[in-house]
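Peer 1: After the structure tokens below, expect a handful of questions from me.
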Amino acid sequence: MTPDANGHVRDMLRSLPSLKGPFPPVDFSTFPDTPQQAFLDWLGDAIAGGIKEPHAMTLSTVDADGRADARMLILKNVDERGWHFATHIDSPKGRQLLANPESALTFYWAQLGRQVRIRGRAVPLPDRECAADFLERPMSARVIAMASMQSQPLHPAELADRLHDAQSLFDKNPHHVLSAWKVMAVAPRSAEFWQGASDRNHKRLCYSASDDGAGWVKAVLCA
């Protein structure tokens, strides 16, 4: 595909279908009091509807120069503390979050025409929870986490040596925990639930933290 000198790419993109539906009806007046429970209800719908990888999400951060960054991750848990994900703290996203914990999560379930956006601060969870998450990973994933150097140049021969050393370490001590492995929770400051519509009359429900921090204020918006 070449640069769009004559509008071909634009025309091709405009011809692709989007938001064709039909989509399930939504009644935001019946939604629960917390964004966590509302999210779990929609996640349940996505799972029941056969959505592939419904727990996949985009984590957005900013770097030291204020430039946006984003990548896909897998949701680990949702509780009163927020939405959980795991990361190597020395990875680009780990370093960015240590310097600036302001972050955003986005979920999109195309077959349901639904999107969820969460904004808040990413907070590391206690070491015992981080260790438990690491030990729950398959051994092959633990070896890779120990050997890899995320987003850094690594010669194949050096990677092979690092994989060998990591495997040897786990062979001797299968309960070894990578200290740089962290589970973080995005504590929500706001959450938006978007239901798309084929006629583009989309609906949104926004949860905003109350001024006293004791609850949530809900507002239904259009488009």
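The values are calculated or read from the model by the stated rules, or taken from the named source; none is laboratory data. Note that the structure is predicted; figures quoted are calculated from it, not measured. A quick note on method: Cβ atoms are made from the backbone with ideal geometry, for glycine too, and the neighbour counts reach across all protein chains shown.
Peer 1: For the stretch 171-215, name all the residues that are closer than 17 Å to residue 26 by Cα, in contact with a strand residue (DSSP E or B) (Cβ under 6 Å, 6 or more places away or on another chain) and without any contact (Cβ under 8 Å) to a residue 40 or more places away in the chain.
Peer 2: 204, 206
Peer 1: Inside the stretch 1-59, can you point out the residues that are touching a residue at least 24 places away in the same chain (Cβ under 8 Å), of a type in the set (A, V, I, L, M), part of a loop (DSSP other than H, G, I, E, B) and surrounded by fewer than 15 Cβ atoms within 10 Å (Cβ to Cβ)?
Peer 2: Hit for the stretch 1-59 is 19, nothing else.
Peer 1: If residue 204 meets every condition in (1) surrounded by 11 or more Cβ atoms within 10 Å (Cβ to Cβ); (2) within 30 Å of residue 98 (Cβ to Cβ) apart from one, which number is that one?
Peer 2: Result: residue 204 passes all but (2).
Peer 1: Of all residues in the stretch 81-113, how many are of a type in the set (D, E, K, R) and in contact with an Asp or Glu (Cβ under 8 Å, 6 or more places away or on another chain)?
Peer 2: So the count comes out to 1.
Peer 1: Somewhere in the stretch 63-83, is a residue polar (S, T, N, Q) and either buried (at least 19 other Cβ atoms within 10 Å of the Cβ) or out of contact with any strand residue (DSSP E or B) (no Cβ under 8 Å at 6 or more places or on another chain) (or both)?
Peer 2: No, the stretch 63-83 has no match at all.
Yes/no per residue for (1) more than 17 Å from the chain's Cα centre (by Cα); (2) at pLDDT 95 or above; (3) assigned to a strand (DSSP E or B):
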residue: 84; (1), (2), (3): no, yes, yes
residue: 103; (1), (2), (3): no, yes, yes
residue: 106; (1), (2), (3): no, yes, yes
residue: 121; (1), (2), (3): no, yes, yes
residue: 129; (1), (2), (3): yes, yes, no
residue: 132; (1), (2), (3): yes, yes, no
residue: 149; (1), (2), (3): yes, no, no
residue: 153; (1), (2), (3): yes, no, no
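Peer 1: Does at least one position in the stretch 122-136 carry a residue that is of a type in the set (Gly, Ala, Ser), surrounded by 15 or more Cβ atoms within 10 Å (Cβ to Cβ) and touching a helix residue (DSSP H, G or I) at 6+ places or on another chain (Cβ under 9 Å)?
Peer 2: Yes; the residues of the stretch 122-136 include at least one that is of a type in the set (Gly, Ala, Ser), surrounded by 15 or more Cβ atoms within 10 Å (Cβ to Cβ) and touching a helix residue (DSSP H, G or I) at 6+ places or on another chain (Cβ under 9 Å).
Peer 1: Provide a single number: the residues in the stretch 60-82 that are in a strand (DSSP E or B) and under 14 Å from residue 183 (Cα atoms).
Peer 2: Matching residues across the stretch 60-82 total 6.
Peer 1: Turning to a different aspect of this structure: Residue check: is residue 16 hydrophobic (A, V, I, L, M, F, W, C) and within 22 Å of the chain's Cα centre (by Cα)?
Peer 2: In short, no.
Peer 1: Also: Which pairs have Cβ atoms under 7 Å, sit 6 or more apart or on different chains, and link a residue in the stretch 107-134 that is over 23 Å from residue 62 (Cα atoms) to one that is basic (Lys, Arg) and in a strand (DSSP E or B)?
Peer 2: Within 7 Å, the pairs are 130/182.
Peer 1: Follow-up question, since we're still on this one. Here's a check for you: in the stretch 169-194, which residue that is closer than 29 Å to residue 217 by Cβ and of a type outside the set (A, V, I, L, M, F, W, C) is surrounded by the most Cβ atoms within 10 Å (Cβ to Cβ)?
Peer 2: In this case the residue turns out to be 188.
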